[in-house]
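Trainee: Questions regarding the structure given below will be posed in turn.
The values are calculated or read from the model by the stated rules, or taken from the named source; none is laboratory data. A quick note: this is a predicted structure, and the numbers were derived from the prediction, not measured. Here Cβ is always computed from backbone atoms with ideal geometry, including for glycine, and neighbour counts include all displayed protein chains. Heavy atoms of the whole protein, side chains included, go into the accessibility calculation; ligands, DNA and RNA do not. Shrake-Rupley method; radii C 1.70, N 1.55, O 1.52, S 1.80 Å.
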Amino acid sequence: AAIAMNRSDGAVAERPRLGLFTSLPIYWNEAAEISDLLVDHQSPPWVGQFLDKRYRLQPLDLLEPEGAGKPDPLRTYSFLLLAQPRALSAAENVALDRWVRAGGRLLLFADPLLTAESIHPIGDPRRPQDAVLLSPILSHWGLELEFDEGQPNGERPVELFGASVPVNLAGRLVARDGADSDCAILGHGLAARCRIGNGMVLIVADAALLDGGVSDLRAREEALAVMLGEAFKK
């Protein structure tokens, strides 16, 4: 909370609110301990800086109330960004689906095999989610996330909404029959845009766009701006 307050710039009222739910180092850098974040002299990750200029960015730990009688953490948001989130509980799946159907706009990066490097070893709970585990909610929305193990490693561009999106060992989204949603598959399966109730979801089956320490920062910013605009437009 202290970090979030220090990053406000006095103009937050002019920016729409954006809830951020992620396992990736987007709002803060990776660190061995919480105390390291307080003395971190590195610049914040580029994705967090980019979002902070356009939205009142608020990290979320839960997508459901913490207990009976507690407020719904999603109630004040019209826009959500889920980027390689941890597995959702059954209650969080219900809460997210309810929020979308009520008119929420969601941009979801769901990578079946994360290629970004981490300072934390496999099995460390501080490590970003290596493989996204969202089958229940994706299935409920009429989608399956597939992965081709034979595809070559290494970044390659895929055109999506006129933007060049870098991907690396990406997944492929496939529509399921008989679902209570209206999904369009885009970019040869890289993405899906679904009308769900009164809301809209844009899902991207890769998260390489959000990698840090990159040399093509301007191109990534432009691509992310396009994804946000497509996800959150009316």
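Trainee: Tell me, yes or no, whether region 122-137 has at least one residue that is of a type in the set (Val, Ile, Thr), surrounded by 13 or more Cβ atoms within 10 Å (Cβ to Cβ) and at pLDDT below 95. Walk me through how you get there before you give the answer.
Mentor: From region 122-137, those of a type in the set (Val, Ile, Thr) are 122, 132, 137; that's our starting set.
With surrounded by 13 or more Cβ atoms within 10 Å (Cβ to Cβ) added as a condition, the list becomes 132, 137.
Adding the requirement that they be at pLDDT below 95 leaves none.
No.
Trainee: Here is a follow-up. Please go through region 62-90 and pick out each residue that is of a type in the set (Asp, Glu) and more than 19 Å from Ser135 (Cα to Cα). Break it down into steps so the answer makes sense when it comes.
Mentor: Here is the first cut: in region 62-90, the ones of a type in the set (Asp, Glu) are 64, 66, 72.
Within region 62-90, Glu66, Asp72 meet the criteria.
Trainee: Of all strands (runs of 3 or more DSSP E) completely enclosed by region 151-219, which ones contain at least 1 residues that are out of contact with any helix residue (DSSP H, G or I) (no Cβ under 9 Å at 6 or more places or on another chain) and open to solvent by 20 Å² or more (accessible area, probe 1.4 Å)? Break it down stepwise before answering.
Mentor: Working: elements: 156-160, 163-167, 171-175, 182-186, 191-196, 199-204.
Output list reads 156-160, 171-175, 182-186, 191-196.
Trainee: Out of all the residues in region 165-175, which are more than 19 Å from Gly212 (Cβ to Cβ) and either at pLDDT 95 or above or within 16 Å of the chain's Cα centre (by Cα) (or both)?
Mentor: First, the residues of region 165-175 that are more than 19 Å from Gly212 (Cβ to Cβ): 171-175.
Of everything in region 165-175, those that are more than 19 Å from Gly212 (Cβ to Cβ) and either at pLDDT 95 or above or within 16 Å of the chain's Cα centre (by Cα) (or both) turn out to be Gly171, Arg172, Leu173, Val174.
Trainee: Restricting attention to region 80-109, report how many residues are closer than 23 Å to Glu221 by Cβ and open to solvent by 30 Å² or more (accessible area, probe 1.4 Å).
Mentor: Within region 80-109, the first condition is being closer than 23 Å to Glu221 by Cβ, and the residues that meet it are 80-85, 105-109.
Okay, now just the ones that are also open to solvent by 30 Å² or more (accessible area, probe 1.4 Å), so none.
Total meeting the criteria: 0.
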